[in-house]
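The values are calculated or read from the model by the stated rules, or taken from the named source; none is laboratory data. This one's a predicted model, so the numbers in the text were calculated from it and none came from an experiment. Note that each Cβ is placed from the backbone with ideal geometry, even for glycine, and that neighbours are counted across all protein chains shown.
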Amino acid sequence: MHDFFLYSAVVLMIIIAIPLLRVLKGPSVFDRLLGANAIATKTIVLITLIGFLFERVDMFIDITLAYAALGFISSLALAKYITVKRVEVDQP
């Protein structure tokens with residue numbers, strides 16, 4: 001079972017590279033934001049898998065909850081910043 005989690009973690013790290021391309025080459029800011037959110041959710045799963053590998057799931061779940069909250073709040077803040085900035089530019 002240990003090998004399964006290790007191989008799953010390696011495959012997940014490779015899968016994280018796909019949204020990274022969207023973040024780097026995204027045509028718009030919203031595409032980059034979606035790519036960053038996809039990376040964050042896959043990283044949460046990766047941290048949980050690492051917790052299974054070290055047999056300390058309880059500690060790593062706390063880390064993933066904090067990382068998820070931080071990712072959610074930063075996404076909201078960035079979305080709010082983008083919409084407020086766009087409204088200010090459109091008005092004379």
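Within region 9-61, take every residue that is among the hydroxyl-bearing types (Ser, Thr, Tyr) and at pLDDT 90 or above and give me the one that is farthest from Leu76 (Cα to Cα).
Here the answer is Thr48.
Return a yes/no flag: does region 11-21 have any residue that is in a loop (DSSP other than H, G, I, E, B), surrounded by 11 or more Cβ atoms within 10 Å (Cβ to Cβ) and on the phi < 0 side of the Ramachandran plot.
Looking through region 11-21, none of the residues is in a loop (DSSP other than H, G, I, E, B), surrounded by 11 or more Cβ atoms within 10 Å (Cβ to Cβ) and on the phi < 0 side of the Ramachandran plot.
So which residues in region 18-44 are touching a helix residue (DSSP H, G or I) at 6+ places or on another chain (Cβ under 9 Å) and small (Gly, Ala, Ser)?
Within region 18-44, Gly26, Gly35, Ala36, Ala38, Ala40 qualify.
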